[in-house]
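Enquirer: Have a look at this one.
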Amino acid sequence: MPELYLRLLNRILTPVLLLLSLYLLFRGHNLPGGGFIAGLMAAAAFQLQILSRGHDSLRRTVGPYLNSGIGLGLAVAVCSGIVGLLDGTFFKGVWFSLDLPLLGYLKIGTPVIFDLGVFLVVVSVATSYLLGLSRVADANVEPGRRADS
Amino acid sequence: MAVSANLLAVPVAAPLLTAALILLFARWGGRTLIRHQIALTALALCINLAAAALLFRAAAGQGQRFVLQLGAWSAPFGITVYGDGLSATLLLMTALVALAVYPFAVATIDYHRARMGFHPLYLFLLMGVNGAFLAGDLFNLYVFFEVLLMASFVLLTVGAQPAQTNSGIRYVVLNLLASTVFLVAAGIAYGTLGTLNFAQIAERLPLASPAVRTVFAGLLLVGFGSKAAIFPLFFWLPASYHTPPPAVTALFGGLLTKVGVYTLFRSFTLFFPELLQDWQPVLLTIASATMLVGALGALAQPGIRRVLSFHIISHVGFMLMGLAVALSGNNLAFGFGLGAAIIYLCHHMIIKTALIMAGGAVELHMGSDRLASIGGLVSRQPFLAFLFFTAAISLAGVPPFSGFVSKLSLLQITLDTRHWVVSGVSVFASLLTMMNMMRLWRESFWGDYSRPSRVPSRILQSSVRQRLMLTPVAVLVLLSLALGIWGEPAFRLSMQVAQQALDRQAYIEAVSPSAQTSTLPAGLFTVPAETVSTILSKEN
Amino acid sequence: MISLLLAFAVGSLFACGTYLIMRRGQIKLILGLALLSHGVNLLLFGSGRLTEGRPPIFLNKADYAETLSSSLPADPLPQALILTAIVISFGITAFVIVLVNRRHTVTQTDYVHGELTPLLREGDPFDFSESAELDQYDWLAYEVDEVYDSEELLTGFPTLPPSEQDESTAMEQDQYRWP
């Protein structure tokens, strides 16, 4: 029963992966990381879900919002470029910094927002692709041998 | 009104943002969803047309060049978006074609395809095409090529009918190979010249060894030529264009190959104008072969859309012929050949789209586009017959339509430069085009009315849909007529555009890729230093 | 030396990719395309400077000056290009896999003009001979079978077919028909 191990791993790893992907997303401006890598990592978390519990639950919970996620990500990315117009040029980086009590000094700018958009697009595209392929894989297996049955 | 360079972002950003919004709200809206999508898409197309018209007036009319450095990073380091007369002309034509095909698409695209995202894909395709016209460096050109290819893959196969998936695979594979070749060219440019920016490539290419220049030019010719469907590389086109719904074919026929033609124009005039002379026999041979194969292949085809897709190939040959003689011209003005090719390009985009849409309407009425099984539609659909006829004779080059002006100017330049063979071939191909168009018209409109082979489409029961289908065809035919009647001012404008495109130094200065020393960097494929120094010493 | 190795790697990737594309077989086609894109990525990688242990990111200026005096640091641009190219080839490979899969399903069972016809020879992605004339008008059939409401276009778009009236299930079904 490989599912047993996978389920256990899933319990442990999924939150770790999701947190790690957020960490990668926000450190990505100056250090290795960024929206694309973070998005792939979050999609890997979802793939772990698919492998361990089958794709039905993920399809129910996340599936309906994937198209909207792609759209939202693209819109956020374009809008972060439009913000630069205020400063004269399309896609010009606009930065402002905050001093927060807990997190300390935080610098937020349009490149971070752009990365957020990229993250959303990548997560949604990769997850919908994985879900689509898992359904295809299921359709090719004879009934009764489905991984989640 | 002064036009800001930020306007260059509109043709890319407006379709992208609209498509993103459509996707974002694709889950909500219930049964009015598609209506909202249509309204949004139409709005984006209108914004795009307005931006393109503004750009055209400033860039082609007044000869300005627009350079937008994204994020205010200066030229070789940032992303350069460049718009001049040539880009603006193609942007305007693209905007017109996209806006004209859209009502036809709304009328004929079925509900399933609309649900599967036809409208956002339409916008993504438009965005890719616009971006390719505006790209100022090789890699962004590649990215926008891929954007438009991806959108076209999906538009071609959406619906997933057997023929569509079949032709989809050929289309995908052959276009991917072309993209790969192009990316290799980009890698070689970066390895030898140390830059991807068009202006900097143009600046540094004379320093590179002739071998590098030849390889680079050859790879670009293969990559772009494959997108443009020139002679030995056109096989993806007739294999796929007849399978999707006619609205998609009309859009593809109007836009896709023209991106390849544009990139050929841009790269050859900017990077290696000297090769236009050196390689002229090769280019003219390819052009003649393309013209002949397209026209002869069309003769053998059994269906309306198959004939028309072969004619796309034939006409790409005419444009390539114009490019090949772009710099020569004994008694004519400088850049006459390119000007003629540009006006031919505009004529082709307008009339080919109109003709494919009219053919699609025939297909809907008869339930088939096989010439053997249709006929006699002239008594049932006189207006459609009239439109098809006028569009067909315009394509064949009969005055007073635009085909006459553009073909005459191309013929004039080839005769003036004493390329007798290629001018003979072009006349012969025009005659074949005429013959094919008459064949199409005779088979589909004359003769006895043959009953449709299947139940007439329910689309045709709605008079609104019928009007949506035929009005854009009529508008495009009128445009072609206008381009023919006001041929002289139009030609003067396209000459200006051509001369602007041929002015390399002004391009380089407009982008001004920083005052770096013009020595080649040390890369993997770097030419031995002594080669460069010998070239430099020769120049001094 | 290392650049020679790289050149051999690029060449063999291209050769294998081309060979695989020429073969009959859908999986080989996909693999061939993937190999070709890897070859191009490696070529792009080689187009920058091949350096060892000299990253282009410096935390202080003293390091920067020191590194520049000895030799140039690695070129970061090809890596950005490769990342983009990988993303694009990832998307396209995903699309091709789905397309080939769809075509495979079509191959197995598909009704054309009312009869079960073997549309294509199994496995050959370029085989077109038997189906060339048969399925030319499928887009029309698709449209005719569609359930249209009598409402006009501009006053309201056709309602959903009865099976899809339920909003939530229709959404869920449509979600994954997305290509």
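Read-outs throughout are calculated quantities, based only on the coordinates presented, and are distinct from any laboratory measurement. All values derive from a computational prediction rather than experimental measurement. Please note: Cβ atoms are built from the backbone with ideal geometry, for glycine as well, and neighbour counts cover all protein chains shown.
Enquirer: Take the Cβ-Cβ distance between C:THR18 and A:ASP99 as r, set R0 to 51 Å, and report the resulting FRET efficiency rounded to the nearest 0.05.
Expert: Working: r = 58 Å, r/R0 = 1.14.
After rounding, the FRET efficiency stands at 0.30.
Enquirer: In whole angstrom, how far apart do the alpha carbon centroids of the range B:324-383 and the range A:1-60 sit?
Expert: Here the two parts' Cα centres lie 52 Å apart.
Enquirer: Right, another one. Please tell me the relative contact order of chain B in percent, rounded to the nearest whole number, where contacts are Cα pairs under 8 Å and at least six residues apart.
Expert: Details: 904 pairs, mean separation 95.7, N = 540.
Relative contact order, chain B: 18 percent.
Enquirer: Among B:ILE413, B:VAL425, B:LEU70, which residue has its Cα positioned farthest towards the positive end of the charge dipole of chain B, with +1 placed on the Cβ of Lys and Arg, -1 on the Cβ of Asp and Glu, and the dipole taken about the Cα centre?
Expert: Most positive-ward Cα: B:VAL425.
Enquirer: Report the net charge of residues surrounding B:GLU203, where surrounding means a beta-carbon distance below 12 angstrom and charges are Lys +1, Arg +1, Asp -1, Glu -1. Walk me through the numbers on the way to the answer.
Expert: Numbers: positive: B:ARG204, B:ARG504; negative: B:GLU509.
Its environment carries a net charge of +1.
Enquirer: Calculate the radius of gyration of the Cα atoms of the range B:255-383 to one decimal place, then report Dmax, the largest Cα-Cα distance, as a whole number, both in Å.
Expert: For the range B:255-383, the Cα-based Rg and Dmax read 17.8, 56 Å.
Enquirer: Separate question: Report the local net charge at B:PHE272: Lys and Arg +1, Asp and Glu -1, summed over other residues whose C-beta lies under 9 Å from its C-beta.
Expert: On the way: positive: B:ARG213; negative: B:GLU274, B:ASP278.
Here the count lands on -1.
Enquirer: In what order do B:TRP441, A:TRP95 fall by count of nearby beta-carbon atoms within 10 Å, going from fewest to most?
Expert: Numbers: B:TRP441 18, A:TRP95 11.
Going from sparsest to densest Cβ surroundings: A:TRP95, B:TRP441.
Enquirer: Please arrange B:MET321, B:MET127 by counting, for each residue, the other beta carbons lying within 10 Å of its beta carbon, fewest first. Before the final figure, lay out each step's value.
Expert: Numbers: B:MET321 31, B:MET127 25.
Listing B:MET321, B:MET127 from fewest to most nearby Cβ atoms yields B:MET127, B:MET321.
Enquirer: Ignore the peptide's own chain and count Cβ atoms of other chains within 10 Å of each Cβ in C:29-39; give me the average, rounded. Don't jump to the answer; show the numbers that get you there.
Expert: On the way: counts 3, 1, 0, 2, 5, 0, 0, 7, 4, 0, 3.
What the average comes to for C:29-39 is 2.
Enquirer: Please report Rg (one decimal) and Dmax (integer) in Å for the Cα set of the range B:266-305.
Expert: 14.9, 43
Enquirer: Working from the pairwise distances between different alpha carbons, so that the mean of 1/r is found and then inverted, what is the range B:161-308's Kirkwood radius in Å?
Expert: Numbers: mean 1/r = 0.0603 Å⁻¹.
For the range B:161-308, inverting the mean 1/r across all distinct Cα pairs yields 16.6 Å.
Enquirer: Would you mind calculating the relative contact order of chain A from Cα pairs under 8 angstrom and at least 6 residues apart, reporting the percent as a whole number?
Expert: 27
Enquirer: Mean separation of Cα pairs under 8 Å and 6+ residues apart, divided by the residue count of the range B:279-502: what relative contact order is that in percent? Could the numbers behind the result be given before it?
Expert: On the way: 351 pairs, mean separation 64.5, N = 224.
Averaging sequence separation for qualifying contacts and normalising by length gives 29 percent for the range B:279-502.
Enquirer: Further question on the same structure: Find the centroid of the Cα atoms in the range B:119-165 and in the range B:254-275, then give the distance between the two in whole Å.
Expert: Between the Cα centre of the range B:119-165 and that of the range B:254-275, the gap is 18 Å.
Enquirer: A further question on this structure: Looking at the range B:208-301, which chymotrypsin sites (Phe, Trp or Tyr not before Pro) are DSSP coil and have at most 10 other C-beta atoms within 10 Å of their C-beta? Present the calculation step by step, with values, prior to reporting the outcome.
Expert: On the way: sites: B:PHE216, B:PHE224, B:PHE234, B:PHE235, B:TRP236, B:TYR241, B:PHE252, B:TYR262, B:PHE265, B:PHE268, B:PHE271, B:TRP279; in loops: B:PHE234, B:PHE235, B:TYR241, B:PHE271, B:TRP279.
For chymotrypsin sites (Phe, Trp or Tyr not before Pro) across the range B:208-301 that sit outside H, G, I, E and B with at most 10 neighbouring Cβ atoms in 10 Å, the list is empty.
Enquirer: If one computes P(r) from the Cα atoms of the range B:279-502, what percent of pairs lie at distances over 26 Å? Kindly include the intermediate steps, with their values, before the conclusion.
Expert: On the way: 9373 of 24976 pairs.
When all Cα pairs of the range B:279-502 are counted, 38 percent exceed 26 Å.
Enquirer: Give A:LYS92/B:LYS258; B:LYS258/C:LYS28; B:LYS258/B:LYS352; B:LYS258/B:LYS407 a once-over and call out the pairs whose C-alpha atoms are over 21 Å from each other. Mind showing how you got there, number by number?
Expert: Working: A:LYS92/B:LYS258 31 Å; B:LYS258/C:LYS28 32 Å; B:LYS258/B:LYS352 12 Å; B:LYS258/B:LYS407 17 Å.
Among A:LYS92/B:LYS258; B:LYS258/C:LYS28; B:LYS258/B:LYS352; B:LYS258/B:LYS407, the Cα-Cα distance tops 21 Å for A:LYS92/B:LYS258; B:LYS258/C:LYS28.
Enquirer: How would you rank B:TYR102, A:TYR129, A:TYR65, going from fewest to most other Cβ atoms within 10 Å of each one's own Cβ?
Expert: Working: B:TYR102 23, A:TYR129 19, A:TYR65 14.
Final ranking by Cβ density, sparse to dense: A:TYR65, A:TYR129, B:TYR102.
Enquirer: Let me ask another. Give the residue from B:ILE350, B:PHE445, B:TYR142 lying farthest towards the positive end of the charge dipole for chain B; charges sit on Cβ (+1 for Lys and Arg, -1 for Asp and Glu) and the dipole is referred to the Cα centre.
Expert: Of the options given, the answer is B:PHE445.
Enquirer: Further question: Please compute the average number of Cβ atoms from other chains found within 10 Å of each residue's Cβ in peptide B:241-247.
Expert: Numbers: counts 0, 2, 5, 1, 5, 2, 1.
Whole-number average of other-chain Cβ neighbours for B:241-247 is 2.
Enquirer: So what are the ³J(HN,Hα) numbers for the range B:66-73, from phi and the Karplus equation (6.51, -1.76, 1.60; θ = phi - 60°), rounded to whole Hz, Gly and Pro as x?
Expert: Working through the residues one at a time gives 10, 10, 10, 8, 4, x, 6, 7 Hz.
Enquirer: Calculate the dipole size of the range A:2-140 relative to its Cα centre from +1 charges on Lys and Arg beta carbons and -1 charges on Asp and Glu beta carbons; express the result in debye to the nearest 20.
Expert: Numbers: 9 positive and 6 negative charges, 47 e Å.
For the range A:2-140, the charge dipole is close to 220 debye.
Enquirer: How fast does chain B diffuse by Stokes-Einstein, in µm²/s, taking the Kirkwood radius from C-alpha pairs at 37 °C and 0.692 mPa s? Each step should come with its number before you reach the end.
Expert: Values: Rh = 23.5 Å.
My calculation gives 139 µm²/s for D.
Enquirer: With the dipole of the range A:2-140 worked out from charges on the C-beta (+1 for Lys and Arg, -1 for Asp and Glu) around the Cα centre, which of A:LEU116, A:PHE91, A:SER68 lies farthest toward the positive end?
Expert: Farthest along the dipole direction, towards plus: A:SER68.
Enquirer: Sum up the charges of everything whose Cβ sits under 14 Å from the Cβ of B:SER402, counting Lys and Arg as +1 and Asp and Glu as -1, but leave B:SER402 out.
Expert: On the way: positive: B:LYS352, B:LYS407; negative: B:GLU488.
With Lys, Arg at +1 and Asp, Glu at -1, the neighbours total +1.
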